[in-house]
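J.: Here you go, one structure.
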Amino acid sequence: CLKTRLFNSNKGGHINSAYDSNLDEPPVYEETNDDHRTVRPSVISAFGHDTLDRVPHIDFYRNAGSMSGHRAVRPSLQELHDVFQKVSEYTLEDDGERSSGTPSDDLESAAPTDDMKGMVKFGWIRGVLVRCMLNIWGVMLFIRLSWVFGQAGWGLGIVIIALSCVVTTITGISMSAICTNGVVRGGGAYYMISRSLGPEFGGSIGLIFAFANAVGVSMYVVGFAETVVDLLKNSAIMVDEMNDIRIIGCITIVLLLGISVAGMEWEAKAQILLLVILLVAIVNVFVGTVIPATNEKKAQGFFNYRCETSNFTPEFRDGETFFSVFAIFFPAATGILAGANISGDLRDAQAALPKGTLLAILITGLTYLAMALSATVVRDATGNSSSIINHTTPVICNGSTAVACELGYDFSSCEVEKCKFGLMNNFQVMTLVSGFGPLIIAGTFSATLSSALASLVSAPKVFQALCKDNIYRALHFFAKGHGKNNEPIRGYVLTFIISVAFILIGDLNTIAPIISNFFLASYALINFSCFHASYAKSPGWRPAYKYYNMWLSLMGALLCCVVMFVINWWAALLTYGIEFLLYIYVTVKKPDVNWGSSTQAVTFVSAVSNALSLSGVEDHVKNFRPQILVLTGSTRSRPALLDLAHSFSKNYGLCITCEVSETVEEMNNAMEKNQLWLKKQKRKAFYAAVACDNFREGAESLLQASGLGRMKPNTLMIGFKKNWRTAGAEAVQSYVGILHDAFDFEYGTAMLRVNQGLDVSHIVEFSYPTLQSIIFPPAVALISFSLSFSLPVSVCGSPPPQVAKMNEKLVEASLQFKKKQPKGTIDVWWLFDDGGLTLLLPYILTTRKKWKDCKMRIFIAGQPGRSDLDKEEESSCSYLHFSSLKELQEMIEPFRLHEGSKDADQIRALQKQQPWKVTDKELSEFEEKTHLQVRLNELLKEHSRSANLIVVSMPIARKETISDFLYMAWLDILTKDLPPTLLIRGNHKSVLTFYS
């Protein structure tokens, strides 16, 4: 319908010159060298009219620099919404992720190089199915499977195989759900876990998984070398058995390394050849079971399918149990991640991994079940042809030899002494049963070498993906790739070194269970990733593979954990310990990545749930915490104010640093930068901003709307306005008005004054990472500095020496609360009972590490019923210094109305013209309170001049009674020439209690 309408609208009419005939292709904006993009002219859309809007297209959702296709940039909301401008004049910055909404620091975002055009990509058969089958059909198939059936019988043997397949199938289903939820890049299990659960889990499991694959190479190579030495030990021993294994193993791994370094194409061809040999060997076994047994084979216990009944029940020997036999077999079922480990080399990983992995599990599981060799071979046999029963002599057979008696062979001697043949004694039963024995040897070689080759390729690929993400910065050296397929040559060399080291150890029986547990830990996390993503119910979790269940994945994760302990309990504990330490390391280092993990989604859900729970509980005084709204402006503008506020809230309370911006655009641009700066500076605080022309109205909005439920600020923290005498009436009225608003909204209020000042915005620029690095920038604008000091201002070039020295002192003062405080005191002048906030905040400071060497000293006002001696002492020292009074008068003088000598009409006219001025009547009425502030300042200088911090009860100005400038004079004279001073006034509701 839409296409028809578009066709008709263009038929015979004017066609826009900018019209794109291929409507399915999105517009591609040209990016110029100056990082600006020009807005494309309007085009005729599918709806038949000119518009900048674009129809939905997948290219709009790609990451920047995506290798799978060019990312198109849709028109921004500002382009569509702002006042229309001519195309030639309208330019807009493109920051690389503005329109996509997704971070660009992903593996997909790696810039494609020219030599990547010839990359070799595999389909689901060569890339996944073949690799998984070769890894699962390991040496266990030919050497240990017969022993498993001998111990457990083919009844419990089938249970063991089925249970192993259940674990791997659930893991395969979980992996299918994860890999169909989005594009899967190189890294396999590490990539899926890290993108699902975050870098902490991914980084920890990725490292041990890569190490497990590297050591796995040595295990398979040693298995191959042992087989070769067994064949040659009667004729061609070089040194001794152990050293022969080491020599053959080292030669073998060099050859395998050569195949791997030659490229993925050569490695894939080698895998196909090994698969053919392995399939022929398996078919050879099945053919051999139906070929009538010779007398020699019968003497060794092979009777075709004639002993299935006796071998149904288990017969555990040598202290073995069901779980110990299961632990020995289960490593044979691992290897399901062989395809996922080379996910970066797959043509379509989303389609290939589910199909190839699950089909490989099905085929190999059926193969193991079909090889129920206990139906063809008895448990014990002598191997002697003379064991044929002569019917002339009666023979009594019991136990495991009874079925052999029925078949005409007397193996009763095996009841007394250990025999060399049979399921329980001979690991080469496969060779006995097969139609052609040498093919089984070839199959054993194929199984070991294919597994070794797959691990040799997997370990560097996973390790390279881990290093590319730069989670462990010391390992970034191994991220570099070479050639068309971005081969991790450095990773191959490291894997080779690790493998050779473990081959030289020779005996890998101790390390084997640890490696199995490393693989199982990966499976457990893949299952948990699927469960976690489903549990979070994030809108971004929408896998194309629908045949999964979150509870089934959770059960799979628990099963993997149980199997880890069944295989080896100490190895399981060691695995968990290593993973936990790596998790802690990554958590502490906090890598700068954001992959939208399910951990973030669950954290959000938990936060909402907890916030709702708090809303249903009434506040209690024992649980009161200062929730601080601090007016810092930009987060970097007043570091001392932010540092002190953060010391109050730290990790235990809410701290919101707020700014009132003049425009919406300015607010939007600063939002992310300020929050990022708080994170980098490890400030546990939020950044909030409003756009408003009037500072007071903006602050009023913040006071009313900040917070959520019980997580709302209850204390306003603000810096003292040092330039109040030069700022103008409107600025002072706005500043004092914010204090009035805070009292109206029943906020506790705190005001910090530092002699040097708080505002360093004229020094700090957003491009500087830390304040220490910007003490003397080469060129700074000092326009705002001139408001406080009558000094020459330099807009460009270095500041004058006098200004530079003041800047240095200002920066030093702004950093004082960031450092550990020297031994000293926090002097608290608790003059008025405000509910206890004046006492609580300094107490909280003393619990912080930076303030632990500071003791509290509390000064309180005398009580009305104090002794006559106290009154005499007060009267003897309650005089005011003339200089202090004169200084106060000089502060107020420019703002006085001086109405004393004027008539009533002139007074009314002056008050109407300048209502903010201080009248003589007001000065007279509040003379005592004014003198109190002067006297308090003298006492503070006398008793607290050496304090690290002074905390004083803040005087309150009654609305419409005390003028703003008189109130500012009170605050100024009270805190003048003192160490850092904090004025506090609670909301007169108790925040302290002495009840338990």
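J.: What is the residue count in the range 362-399 for residues that are modelled with pLDDT of 60 or more, crowded, with 18+ Cβ neighbours inside 10 Å, out of contact with any Gly (no Cβ under 6 Å at 6 or more places or on another chain) and closer than 13 Å to Gly153 by Cα?
T.: Residues meeting the conditions: 4.
J.: Can you name every residue in the range 678-700 that is out of contact with any helix residue (DSSP H, G or I) (no Cβ under 8 Å at 6 or more places or on another chain), more than 23 Å from Ala729 (Cβ to Cβ) and surrounded by fewer than 18 Cβ atoms within 10 Å (Cβ to Cβ)? Don't jump to the end; show me each part of the working.
T.: Here is the first cut: in the range 678-700, the residues out of contact with any helix residue (DSSP H, G or I) (no Cβ under 8 Å at 6 or more places or on another chain) are 678-682, 693, 697-698.
Of the ones still in play, those that are also more than 23 Å from Ala729 (Cβ to Cβ) are 678-682.
Scanning the range 678-700 gives Lys679, Lys680, Lys682.
J.: What do you reckon, is Ser499 farther than 22 Å from Ile328 by Cβ and hydroxyl-bearing (Ser, Thr, Tyr)? Write out each step before concluding.
T.: Working: farther than 22 Å from Ile328 by Cβ: yes; hydroxyl-bearing (Ser, Thr, Tyr): yes.
Spelling it out, Ser499 is indeed farther than 22 Å from Ile328 by Cβ and hydroxyl-bearing (Ser, Thr, Tyr).
J.: While we're here: Restricting to helices (runs of 4 or more DSSP H) lying wholly in the range 865-925: which have 1 or more residues that are within 30 Å of Leu939 (Cβ to Cβ) and modelled with pLDDT under 75? Steps first, answer last, please.
T.: On the way: elements: 868-877, 882-892, 904-913, 920-925.
The helices (runs of 4 or more DSSP H) meeting that bar are 868-877, 882-892.
J.: Any residue that is buried (at least 18 other Cβ atoms within 10 Å of the Cβ), touching a helix residue (DSSP H, G or I) at 6+ places or on another chain (Cβ under 7 Å), assigned to a helix (DSSP H, G or I) and modelled with pLDDT of 80 or more - is there at least one of those in the range 817-827?
T.: Checked the range 817-827: no residue is buried (at least 18 other Cβ atoms within 10 Å of the Cβ), touching a helix residue (DSSP H, G or I) at 6+ places or on another chain (Cβ under 7 Å), assigned to a helix (DSSP H, G or I) and modelled with pLDDT of 80 or more.
J.: Looking at the range 705-731, which of its residues are in contact with a Phe, Trp or Tyr (Cβ under 7 Å, 6 or more places away or on another chain), closer than 26 Å to Leu837 by Cα and either free of Cβ contacts under 8 Å to residues at least 40 places away in the same chain or not in a loop (DSSP other than H, G, I, E, B) (or both)?
T.: Answer for the range 705-731, where residues must be in contact with a Phe, Trp or Tyr (Cβ under 7 Å, 6 or more places away or on another chain), closer than 26 Å to Leu837 by Cα and either free of Cβ contacts under 8 Å to residues at least 40 places away in the same chain or not in a loop (DSSP other than H, G, I, E, B) (or both): Thr715, Leu716.
J.: While we're on this one: Going by the structure shown, is Ala225 over 30 Å from Val377 (Cα atoms), among the hydrophobic types (A, V, I, L, M, F, W, C) and surrounded by 13 or more Cβ atoms within 10 Å (Cβ to Cβ)?
T.: Working: over 30 Å from Val377 (Cα atoms): no; among the hydrophobic types (A, V, I, L, M, F, W, C): yes; surrounded by 13 or more Cβ atoms within 10 Å (Cβ to Cβ): yes.
No, not satisfied.
For (1) part of a helix (DSSP H, G or I); (2) modelled with pLDDT under 85; (3) in contact with a Cys (Cβ under 6 Å, 6 or more places away or on another chain), each residue gets a yes or a no:
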| position | (1), (2), (3) |
| --- | --- |
| Ser174 | yes, no, yes |
| Gly187 | no, yes, no |
| Arg195 | yes, yes, no |
| Ala210 | yes, no, no |
| Met219 | yes, yes, no |
| Val229 | yes, yes, no |
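J.: Give me the helices (runs of 4 or more DSSP H) completely within the range 261-338, filtered to those with at least 3 residues that are under 55 Å from the mean Cα position of the chain (by Cα), ordered by residue number. Walk me through how you get there before you give the answer.
T.: Working: elements: 264-290, 295-299, 322-329.
Helices (runs of 4 or more DSSP H) meeting the threshold: 264-290, 322-329.
J.: Under 9 Å by Cβ, and 6 or more places apart or on different chains, what pairs join a residue from the range 531-551 that is closer than 17 Å to Val184 by Cα with one that is modelled with pLDDT under 90 and of a type in the set (Val, Ile, Thr)?
T.: Once the first residue is closer than 17 Å to Val184 by Cα and sits in the range 531-551, its partners that are modelled with pLDDT under 90 and of a type in the set (Val, Ile, Thr) give Ala533/Ile178; Pro543/Ile178; Pro543/Thr180; Ala544/Thr180; Tyr545/Ile178; Tyr545/Thr180.
The values are calculated or read from the model by the stated rules, or taken from the named source; none is laboratory data. Just so it is clear, the structure is predicted and the values come from calculations on it, not from any experiment. Because the Cβ atoms are built from the backbone with ideal geometry, glycine has one as well, and the counts that use them run over all protein chains shown.
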